[in-house]
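Take a look at the structure set out below.
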Amino acid sequence: RIEDIHADGIVTDTEATEKEALNQRKTLRETQLRKVEVLLAQNEMAMTQLDLTAASLAEMKTRNGQASMDMESAMTELQDLVARASNYNRQY
């Protein structure tokens, strides 16, 4: 639409107002997309850490007679972490 406004070579006051509003929306969209990209990157990092944790738990070996966290306890701990996750949510 911005290109259409300039197509005839004449920009009226109304068109200038419209163009300004369109440019503001374009800037807002670009800003929001950058925020989404950051959040997606953080999400991928968190998912990778969860995968690494799961792999580590799968390879965990314990010695007999020593206190250890069995898989059921580990799963309970992870579920508790998920339940608390909303407490760490940052508001922008």
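The values are calculated or read from the model by the stated rules, or taken from the named source; none is laboratory data. In this text, all values refer to a predicted model and were calculated from it rather than measured experimentally. FYI the Cβ positions are ideal-geometry reconstructions off the backbone, even for glycines, and counts take in every protein chain you see. When the accessible area is computed, the model is the full protein with side chains, heavy atoms only, and any ligands, DNA or RNA have been set aside. Shrake-Rupley method; radii C 1.70, N 1.55, O 1.52, S 1.80 Å.
Structural remarks
- Residue list for the stretch 12-42, filter: among the small types (Gly, Ala, Ser) and more than 16 Å from Arg1 (Cβ to Cβ): Ala41
- The residue of the stretch 1-40 that is surrounded by the fewest Cβ atoms within 10 Å (Cβ to Cβ), among those that are at pLDDT below 95 and small (Gly, Ala, Ser), is Gly9.
- Within the stretch 4-31, residues that are among the aliphatic types (A, V, I, L, M) sit with their Cβ atoms under 7 Å from residues that are open to solvent by 100 Å² or more (accessible area, probe 1.4 Å), at 6+ positions apart or across chains, in these pairs: Leu22/Arg1.
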